[in-house]
Amino acid sequence: MRTALTILSLGALLVAATACSSSTGGDDVSAQDREQEVVDVVTEAVPVVQDALGGTKVLVDGSWGSCPGGVGHRFSGGGTITAPEGDAAAQLEAVRAALVDAGFEDETQVEDHVTVARDEVDLDIAQQLAAKTPGTWKVSFNGPCKRYSGDDEDYVKAQNLEGARTLLP
């Protein structure tokens, strides 16, 4: 029993250690540069989605947060796109086609969602519950989980104190 628990504990540590890479060593991208990479991908993707939906209003914000399991940090966020009501399935297909045409990889696995990725950034688009907010689509994004130290860790912690910032008004 004790051996099994030790093996499970080591396995969990190994998974946690490989789930987030360190900003020192193999990954030389600073936290600030990583944040900008995520913002660049999001600010390219959201207008594509807005155009595909005929959207009239966009609000997307992002901030630094802990990765699942508490190991490392990632820049993530989301928001909404307001668009005319229509056939949700056809609108989702238009979103998927537009994003793929723009060079994003389709990684959709959940029905009634479009999930794409580029440069270690995942984006998910889905219609909010039509009964509560007809014509409103939700957008969420996650940058990669990374462990930061030194100045990068200080930057991430300082940004956490600031809270979310608007990326697209």
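Worth a mention:
- Taking 0.36 nm per residue of separation and subtracting the current Cα-Cα distance, fully stretching the chain between E153 and Q36 would add 40.5 nm.
- Segment 117-148: trypsin sites (Lys or Arg not before Pro) falling in loop per DSSP and having at most 10 other Cβ within 10 Å: K132
- Extended-chain gain in nm, criterion 0.36 nm per residue less alpha-carbon gap, S66 and E85: 3.3 nm
Bear in mind that the values in this text are calculations on the coordinates, not laboratory data. Keep in mind that what you see is a predicted model, and the values were worked out from it rather than measured. Cβ coordinates were reconstructed from backbone atoms using ideal geometry, including for glycine residues, and neighbour counts include every protein chain displayed.
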